[in-house]
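Trainee: Pasting a structure below so you can have a look.
The values are calculated or read from the model by the stated rules, or taken from the named source; none is laboratory data. Nothing here was measured: the structure is a model prediction, and the numbers come from that model. A quick note on method: Cβ atoms are made from the backbone with ideal geometry, for glycine too, and the neighbour counts reach across all protein chains shown. With ligands, DNA and RNA removed, areas are computed over all heavy atoms of the protein, side chains included. Shrake-Rupley method; radii C 1.70, N 1.55, O 1.52, S 1.80 Å.
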Amino acid sequence: MKALILIAKAAIGFVWLVLLINIFHPFPGVAAMALYIMTGFLFMMHGLQMLIFIGAFGDKITMTRWEKWSILIFGIFALLDIRRKHMM
């Protein structure tokens, strides 16, 4: 399970890398506009996940600052990793 979460985090990290490259060096044509929309959507969805998780469980489990921000970056895969660490 740990290896699968790591692979998934690497895949999401690659997606973020492509989205950030598009911001600083836009791809040609309509691809740039589509990637801008995807960037906004991904940022909003992961941000919502972070706010919901911290609001629901922030006082029940202690998380490091990196764990909180990793939810914004990796989404559900960070949540699975945090759950795995705190359930042991």
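Trainee: Using modelled amide H (1.01 Å from N, peptide plane; none on Pro or chain starts), what sits under 5 Å from the amide H of F27, excluding residues fewer than 5 places away?
Mentor: HN-HN under 5 Å from F27: A32.
Trainee: Please list 3J(HN,Hα) in residue order for the range 59-69, calculated via the Karplus relation 6.51 cos²θ - 1.76 cosθ + 1.60 where θ = phi - 60°; whole Hz, with x for glycine and proline.
Mentor: With coefficients 6.51, -1.76 and 1.60, one gets 8, 8, 10, 8, 10, 6, 4, 4, 4, 5, 6 Hz.
Trainee: Now, a different point. In degrees between 0 and 90, to the nearest 10, how far off the longest principal axis of the chain does helix 76-87 point, with axes built from Cα atoms?
Mentor: Taking the Cα atoms of the chain, the angle to 76-87 is about 20 degrees.
Trainee: Loop only by DSSP, 13 or fewer other Cβ within 10 Å of the Cβ. Give me the trypsin sites (Lys or Arg not before Pro) in the range 33-87 that pass, ordered by residue number.
Mentor: K60
Trainee: Name the residue from G55, M38, L20 whose Cα lies farthest towards the positive end of the charge dipole of the chain, charges +1 on Cβ of Lys and Arg and -1 on Cβ of Asp and Glu.
Mentor: Among G55, M38, L20, the one farthest towards the positive end of the dipole of the chain is G55.
Trainee: Moving to a separate point now. Rounded to the nearest whole Å², what accessible area per residue is found for the chain with the 1.4 Å probe? Don't skip to the answer; put the middle values down first.
Mentor: Details: 6300 Å² over 88 residues.
For the chain, the solvent-accessible area averages 72 Å² per residue.
Trainee: In whole Hz, what ³J(HN,Hα) sequence does the range 48-56 give by Karplus (6.51, -1.76, 1.60; θ = phi - 60°), x for Gly and Pro?
Mentor: 5, 4, 4, 5, 5, 5, 5, x, 7
Trainee: What do you get for the angle between helix 2-24 and the principal long axis of the chain? Use alpha-carbon atoms, 0 to 90 degrees, nearest ten.
Mentor: Roughly 40 degrees between the two axes.
Trainee: Kirkwood Rh over Cα pairs of the chain into Stokes-Einstein at 4 °C, 1.567 mPa s: D in µm²/s? Walk me through the intermediate numbers first.
Mentor: Details: Rh = 14.1 Å.
Using the Kirkwood radius from Cα pairs, D works out to 92 µm²/s.
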